[in-house]
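One structure is given here, and the rest of the page talks about it.
The values are calculated or read from the model by the stated rules, or taken from the named source; none is laboratory data. Keep in mind the model is a prediction, meaning the values are calculated, not measured. Note: ideal-geometry Cβ built from the backbone for every residue, glycine included; neighbour counts use all protein chains shown.
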Amino acid sequence: MGKYPPTTFVADQLSYHAPVLHKDLSGKTVVVIGANVGLGYEASKHFARMGAAKVIMACRSKERGFAAVERAQKETGLKTLELMLVDLAEFSTVTKFAAELEARVDRLDYLVLNAGIVPGSQTRETTVDGWEQTIQINVISTSLLALLLLPLQLRTARERHTIPRTVVVASAVHYWAPPWGRDILNEPGILKALSDKEEINPGARYQESKLCNVLFARALNERLRQTHPTIIVNSVDPGLCSTSLSRNMKPEEMPLGQRLMFATLSVSAEVGSRELVWAALAGSEHAESMRGAFCSRNLVREPSDFVLSEDGRVAQDMNWREIVAIGEKIEPKIGQIVKEFLLDL
């Protein structure tokens, strides 16, 4: 399924949505990034109800995070939901979060990398680190968290005789990302080339960021040593959901067609969160099918034609090398992690 026509998208949104998958998570630790609202909030409650020993709800705002945890504890009747702070728009908090998490827990079974934004302007808006915010939040910081927490997950696999998972929340919109021509693929770095553009198309930028998520998940999976205790990495499409994802966009500035689409086709955040849970928990009896997979509608689906193409392979390796290089400058430990735990392809 290298293509995703609008008819398939509409059918996916209107068709039956399976109930949330249930699994006994007794003793397990789950971390959900971007958990104070929407998909992350609902997924956190699902994991807690399955008996997880700890569900870390990672949020950007202390005030909103505390409110979300208290609300989730009240709605589930469980005190296993806990707050930690991380702001993906600041690399310093990403490294701090990873260090604090390693000090706080002795295992990490499920890591759900859910935080993301849609740009609210056609003019480039940068973070404190100088990157276009969508590229930093959706792609770079998300990927760096996966790398920084890899040793903890691999130690969990070795000591607990289990197979942890990292789930990168991507999207089916990666099928619609504008094709990258030589003006991008011939650049030293794809992410920098995208970030440096002064004028952007918000919808296209979001699609590009989700394409990068799919590429990263595949690249990380390929570099894991399958002969050692290891983890499963995949990406998932939650579908079109009613969340705060487009909070940066003013409703009156959204195209009429887009507003109609949200009004008629979107599902609730709880329904969308079931996809995140499925990607994290499904297929334990045949785990190989979940490695590097793109999951959608409780299925493993073929990613876009571009991802599977020769140019897609080039972009995947470029995306990987650039993320690692950026990470090494922010936290030298990342270079050590890549060298010690991953294959050099």
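Tell me which residues, restricted to segment 300-327, are of a type in the set (Val, Ile, Thr) and assigned to a helix (DSSP H, G or I).
If the condition is that a residue be of a type in the set (Val, Ile, Thr) and assigned to a helix (DSSP H, G or I), then 307, 314, 323, 324, 326 are the ones that fit.
Taking the criterion of being modelled with pLDDT of 95 or more, within 22 Å of the chain's Cα centre (by Cα) and charged (D, E, K, R), would at least one residue in segment 13-24 satisfy it?
yes
Say whether the condition of being within 16 Å of the chain's Cα centre (by Cα), of a type in the set (Phe, Trp, Tyr) and not in a loop (DSSP other than H, G, I, E, B) is met by at least one residue in segment 157-178.
Within segment 157-178, not a single residue is within 16 Å of the chain's Cα centre (by Cα), of a type in the set (Phe, Trp, Tyr) and not in a loop (DSSP other than H, G, I, E, B).
Say whether the condition of being acidic (Asp, Glu) and either without any contact (Cβ under 8 Å) to a residue 12 or more places away in the chain or under 13 Å from residue 269 (Cβ atoms) (or both) is met by at least one residue in segment 35-55.
yes
Look at segment 75-114 and say how many of its residues are surrounded by 21 or more Cβ atoms within 10 Å (Cβ to Cβ), in contact (Cβ under 8 Å) with a residue 40 or more places away in the chain and not in a helix (DSSP H, G or I).
9
If only one of 128, 139, 105 is within 15 Å of residue 191 (Cα to Cα), modelled with pLDDT of 95 or more and of a type in the set (A, V, I, L, M), which one is it?
Details: 128 fails: within 15 Å of residue 191 (Cα to Cα); 105 fails: within 15 Å of residue 191 (Cα to Cα).
Unique residue meeting the criteria: 139.
Against the definition (assigned to a helix (DSSP H, G or I) and either within 23 Å of residue 58 (Cβ to Cβ) or free of Cβ contacts under 8 Å to residues at least 60 places away in the same chain (or both)), how does residue 194 come out, yes or no?
Answer is no for this residue.
What tally of residues in segment 131-146 results from selecting those that are touching a Gly at 6+ places or on another chain (Cβ under 6 Å) and of a type in the set (A, V, I, L, M)? Even if it seems obvious, please write down each step before you answer.
Narrowing segment 131-146 to residues touching a Gly at 6+ places or on another chain (Cβ under 6 Å): 138, 144.
Now restrict to residues that are of a type in the set (A, V, I, L, M): 144.
Residues in segment 131-146 being touching a Gly at 6+ places or on another chain (Cβ under 6 Å) and of a type in the set (A, V, I, L, M): 1 in total.
Select from segment 266-305 the residues that are of a type in the set (A, V, I, L, M, F, W, C) and surrounded by fewer than 15 Cβ atoms within 10 Å (Cβ to Cβ) and write down the one among them that is modelled with the lowest pLDDT. If you could, list the steps in order and put the result at the bottom.
Our first condition is that a residue be of a type in the set (A, V, I, L, M, F, W, C); within segment 266-305, this holds for 267, 269, 271, 276-282, 287, 290, 293-295, 299-300.
In the following step, the residues that additionally are surrounded by fewer than 15 Cβ atoms within 10 Å (Cβ to Cβ) were identified as 287, 299.
Working: 287: 74, 299: 92.
The extreme case among them is 287.
I'd like to know if segment 1-22 contains one or more residues that are of a type outside the set (A, V, I, L, M) and on the phi > 0 side of the Ramachandran plot.
Within segment 1-22, none of the residues are of a type outside the set (A, V, I, L, M) and on the phi > 0 side of the Ramachandran plot.
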